[in-house]
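One structure below.
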Amino acid sequence: MDTIYALASARGKAGVAVVRLSGPEAWAAAGELMGRQIGAARQTQLCTLSHAGTVLDQALVLPFAKGASFTGEQVVELHLHGSTAVVAAVLVALSTLPGLRLAQPGEFTRRALENGCLDLAQVEGLAALIDAETEAQRKQALRVLSGAIGQRAEAWRSQLLRAAALLEATIDFADEDVPVDVTPEVLELIASVQADLHREADGTRIAERIRDGFEVAIVGLPNAGKSTLLNALAGREAAITSEHAGTTRDVIEVRMDIAGLAVTLLDTAGLRISDDAVETIGINRALERASGADLRVFLSDEQGQLPSGIVPSGDDLVVRGKADLAAQNGGLAVSGKTGLGIAALIAQISTVLETRASTAATLTHERHRIAVMQAMDALALACNEIEMGTDRAELAALYLRQAIMALESLVGRIDVEQVLGEIFARFCIGK
């Protein structure tokens, strides 16, 4: 296997830049630049790097032994001064050494997967951790990276393997009198796994929302103050405001962090019947995005009127707008101009979204949900076969094996090449 190298820290000027090498020639290549052999693993050395008689930099060199590194291979990290010129010079020097080549995107992590240092779900967790922008995203990604999905999948797999073994024992002794009926234990094991899988499937969408962000749509009649409210929530002039109704024609999006959750606020066109073709397109888009949003904030006008075409439901919030212009008769009222009620509105949005986030599953991707649904379908078929009698045990065992295979796909124990390309394409070269 080739020895690969790449800049593992961010590009550009910085205090420190880290160049990583991984593969059978990693230690030898670093030793070539150091002018001496590497000593013990994980023993940091401060030394001068040079190549072809030219000094490159003074660096900290940190070696990891095979089997005790991120990739599972020999690894060396060169901690350089974070100059773009220094990094470029070191990378050029490495490119001239035999057996070395520049890493491809995600190749370090792919080697960690292939060498059994990470499972497929942990790889997805690492990608999510790199992309994390909020506290909730960080916690969720770190939980996946720690192996939470693999632990759950292994527990389910163990229970189903036990159930399959019991069924296969009845097949092996079909011509003999088996003193114990295994059906109750098998059904109990399957029911336990099914209950867990149902909970995970139900919570996957919320887990995806934590990762990708919740959508909160502001809807109301034209000139109700939606754009002014959006600007107040965003803390900047994100949307054009005007006293003329119908100013907003398209959906305006603003990304925010609310209570540690990623939230995209949507300012939508005012909902009314219009003869203007362009405004009508904007209204239709507003209805479509508002219908698909996780939460809607209905902003009423000074008279308390709400738009037609969409009605509040569930946790949706109804808020009186332009509170600085009209007397309030209870309920939440806000003013985007003065800031009145903005903190209370944010608090209510936070409460709703935090409550939903608390129901998130361990599984975080649509791929996970599909695998769980496939396992649940197979388990349902297995239960049907078991209930039809012991002469159907062979088919029931087959469906149990299908369920196990579906769960093993969560962590990459079976062939998932079609998934790998998509995952690793999102990684940077140094990861």
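The values are calculated or read from the model by the stated rules, or taken from the named source; none is laboratory data. What you see is a predicted model; the values in this text were computed from it and never measured. Heads up, the Cβs are rebuilt from the backbone with ideal geometry, glycines too, and the neighbour counts pull from every protein chain shown.
Looking at 152, 157, 101, 110 in this structure, which one is surrounded by fewer than 16 Cβ atoms within 10 Å (Cβ to Cβ) and either among the charged types (D, E, K, R) or in a helix (DSSP H, G or I) (or both)?
101
Only one of these is in contact with a helix residue (DSSP H, G or I) (Cβ under 9 Å, 6 or more places away or on another chain), of a type in the set (A, V, I, L, M), more than 30 Å from residue 383 (Cα to Cα) and at pLDDT 80 or above: 262, 201, 293, 238. Name it.
The conditions single out 262.
Of all residues in segment 289-344, which are of a type in the set (Ser, Thr, Tyr), closer than 27 Å to residue 262 by Cβ and surrounded by 17 or more Cβ atoms within 10 Å (Cβ to Cβ)?
335
Residue under question is residue 88, and the condition is that it be free of Cβ contacts under 8 Å to residues at least 24 places away in the same chain and either under 27 Å from residue 128 (Cα atoms) or not in a loop (DSSP other than H, G, I, E, B) (or both); does it hold?
yes
Could you check, for segment 198-210, whether at least one of its residues is in contact with a strand residue (DSSP E or B) (Cβ under 8 Å, 6 or more places away or on another chain) and surrounded by fewer than 19 Cβ atoms within 10 Å (Cβ to Cβ)?
no
Would you call residue 261 touching a residue at least 60 places away in the same chain (Cβ under 8 Å) and either more than 10 Å from residue 219 (Cα to Cα) or surrounded by fewer than 15 Cβ atoms within 10 Å (Cβ to Cβ) (or both)?
yes
Take residue 8 and decide whether it is surrounded by 11 or more Cβ atoms within 10 Å (Cβ to Cβ) and either of a type in the set (Val, Ile, Thr) or out of contact with any Phe, Trp or Tyr (no Cβ under 7 Å at 6 or more places or on another chain) (or both).
Yes, satisfied.
Among the residues that make up segment 216-224, is at least one of them at pLDDT 80 or above, over 30 Å from the mean Cα position of the chain (by Cα), over 20 Å from residue 259 (Cβ atoms) and surrounded by fewer than 19 Cβ atoms within 10 Å (Cβ to Cβ)?
Among the residues of segment 216-224, not one is at pLDDT 80 or above, over 30 Å from the mean Cα position of the chain (by Cα), over 20 Å from residue 259 (Cβ atoms) and surrounded by fewer than 19 Cβ atoms within 10 Å (Cβ to Cβ), which makes the answer no.
Quick grid of which residues meet (1) of a type in the set (A, V, I, L, M); (2) more than 23 Å from the chain's Cα centre (by Cα); (3) over 23 Å from residue 231 (Cβ atoms):
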| site | (1), (2), (3) |
| --- | --- |
| 319 | yes, yes, no |
| 323 | yes, yes, no |
| 345 | yes, yes, no |
| 350 | no, no, no |
| 384 | no, yes, yes |
| 388 | yes, yes, yes |
| 404 | yes, yes, yes |
| 409 | no, no, yes |
| 412 | no, no, yes |
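Which residues, counting only those in segment 315-337, are part of a loop (DSSP other than H, G, I, E, B) and at pLDDT 85 or above?
315, 316 - these are the residues of segment 315-337 that are part of a loop (DSSP other than H, G, I, E, B) and at pLDDT 85 or above.
Checking the structure you have, find out if any residue of segment 355-369 is buried (at least 16 other Cβ atoms within 10 Å of the Cβ), touching a Leu at 6+ places or on another chain (Cβ under 7 Å) and either over 22 Å from residue 141 (Cα atoms) or modelled with pLDDT under 90 (or both).
The answer is no, given that none of the residues of segment 355-369 is buried (at least 16 other Cβ atoms within 10 Å of the Cβ), touching a Leu at 6+ places or on another chain (Cβ under 7 Å) and either over 22 Å from residue 141 (Cα atoms) or modelled with pLDDT under 90 (or both).
Of the residues 403, 360, 344, which is in a helix (DSSP H, G or I) and under 30 Å from residue 163 (Cβ atoms)?
Just a single option satisfies the conditions, and that option is 403.
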